[in-house]
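Asker: Got a structure for you, questions after.
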Amino acid sequence: MGTMEDTPGFSMDTRDPNNLNLHLQVLWDDIIAEPEGIQSGDCTWRTSYKCFYGTKHCCYRVLSFILGPLLACCLGCQFACLAFQHIWCNTPCLRQCKINCNFVRAVNRVCMQATLAPCFDVCGMMFQRIRVRHGPLPSEDPKEEDLFVV
């Protein structure tokens, strides 16, 4: 049996390979800033810096130790349910809709060919003799074949 490091998607070094949580990279300079002219003492600044990082890391580690495995279990169940829903419910439903839509499309095509196709055929025959010419109209009478000259 292999180690955890052999598992795809698991890494002890790169824990955010897809950069999902870039917005959570909070540094001391992003939170606390003292402008020129009003600054605390150097001892206070260093102690505050150490307290900030120490508290942040300690609190995160305690919360992740206590709640991390429970939330991982809940998220695993949630994504398993989501996969089940897509595999057993959504995909068959989508396939059923595609089958029904193909039937409706075939019925629609037959109705259109029976009702509209003859009308468009007649319109096509009626307008097939139209010729569009650029320039002035001829002065002599149009011939019978040029009846629809525009």
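The values are calculated or read from the model by the stated rules, or taken from the named source; none is laboratory data. Bear in mind the structure is a predicted one, so any value in this text is a computation, not a measurement. As a convention, Cβ positions derive from the backbone with ideal geometry for all residues, glycine included, and neighbour counts pool all protein chains shown. We work out accessible area using only protein heavy atoms, side chains counted, and drop any ligands, DNA or RNA first. Shrake-Rupley method; radii C 1.70, N 1.55, O 1.52, S 1.80 Å.
Asker: If exposed means no more than 11 neighbouring beta carbons inside 10 Å and the site is in a DSSP loop, what's the longest run of the chain without any exposed GluC sites (Glu not before Pro)?
Answerer: The reported range is 37-139.
Asker: Find me the longest stretch of the chain that has none of the exposed chymotrypsin sites (Phe, Trp or Tyr not before Pro), where exposed means in a DSSP loop (not H, G, I, E or B) with at most 14 other Cβ atoms within 10 Å.
Answerer: No qualifying site falls inside 11-147, the longest such stretch.
Asker: Looking at the square roots a ≥ b ≥ c of the eigenvalues of the Cα gyration tensor of the stretch 2-64, which shape do they give, rounded for a/c under 1.5, prolate if a/b is larger than b/c, or oblate? Don't skip to the answer; put the middle values down first.
Answerer: Values: a/c = 4.07, a/b = 2.48, b/c = 1.64.
It is prolate, given that a/c is not under 1.5 and a/b is the larger ratio.
Asker: Next up: Considering only protein heavy atoms and a 1.4 Å probe, what is the carbon-and-sulfur percentage of the accessible area of the stretch 43-128?
Answerer: Its accessible area is 74 percent carbon and sulfur atoms.
Asker: Also, quick follow-up: When ligands, DNA and RNA are left out and all protein chains stay put, how many square angstrom of accessible area per residue does the stretch 7-150 have with a 1.4 Å probe?
Answerer: Solvent-accessible surface per residue comes out at 92 Å².
Asker: Explain nothing, just compute: Karplus ³J(HN,Hα) = 6.51 cos²θ - 1.76 cosθ + 1.60, θ = phi - 60°, for every residue of the stretch 68-82 in order, whole Hz, x for Gly and Pro.
Answerer: x, x, 5, 5, 4, 5, 4, 5, x, 5, 5, 6, 5, 5, 5
Asker: So if I place +1 on the C-beta of Lys and Arg and -1 on the C-beta of Asp and Glu, and nothing else carries charge, what would the dipole magnitude of the chain be about its Cα centre? I want it in debye, nearest 20.
Answerer: Magnitude of the dipole: close to 700 debye.
Asker: Given springs between every Cα pair under 10 Å in a Gaussian network model of the chain, which of Pro17, Pro35, Pro69 has the largest fluctuation?
Answerer: Pro17
Asker: Pop the C-beta distance of Ser64 and Asp42 into the FRET formula with R0 = 30 Å and round what comes out to the nearest 0.05. Intermediate values should be presented prior to the final figure.
Answerer: Details: r = 33 Å, r/R0 = 1.10.
My answer for the efficiency is 0.35.
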